[in-house]
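The structure appears below as structure tokens.
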Amino acid sequence: MDTMKAIALRQSVRAYKTDQISEEALESILKAACAAPVGRAKYENLQLTVIQDQAKLDQIREACGGAMDDPNANPTYSAPTLIVVSTKLENDESMPIAV
């Protein structure tokens, strides 16, 4: 597909099927993610975590609901797979914590 056509056709999704993504589709998504540029080219600090365990997804939803002061908040929109992109902090960096 042409890049501009793909950009023009993209949509935000706020409802997901309960079916688990196929291994082939997940592999394709992770390959694309690994090919994406990373700030300061710090590829060694990048971590992709795939979460498909429903109990863990429920814990994340509950924790986010508590942090948002809304027990009904569902930031994952009940998606059966969550891919978390994270990074290691450098020795001299600190992470600001919002209270």
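Worth pointing out:
- Qualifying positions in segment 28-85 - in contact with a Pro (Cβ under 9 Å, 6 or more places away or on another chain), touching a residue at least 12 places away in the same chain (Cβ under 8 Å), part of a helix (DSSP H, G or I) and open to solvent by 60 Å² or more (accessible area, probe 1.4 Å): Gln54, Arg61
- Pairs where the first residue, in segment 1-25, is closer than 29 Å to Leu57 by Cβ and modelled with pLDDT of 85 or more and the second is in a loop (DSSP other than H, G, I, E, B) and open to solvent by 100 Å² or more (accessible area, probe 1.4 Å), C-beta under 8 Å, 6+ apart: none
- Counted residues, segment 2-27 - those being in a loop (DSSP other than H, G, I, E, B) and open to solvent by 100 Å² or more (accessible area, probe 1.4 Å): 7
The values are calculated or read from the model by the stated rules, or taken from the named source; none is laboratory data. Predicted model, so just to flag it, every value in this text is computed and none were measured. Cβ sites come from the backbone with ideal geometry, for glycine too, and all protein chains shown count toward neighbours. All accessible areas refer to the heavy atoms of the entire protein, side chains included, with ligands and DNA or RNA removed. Shrake-Rupley method; radii C 1.70, N 1.55, O 1.52, S 1.80 Å.
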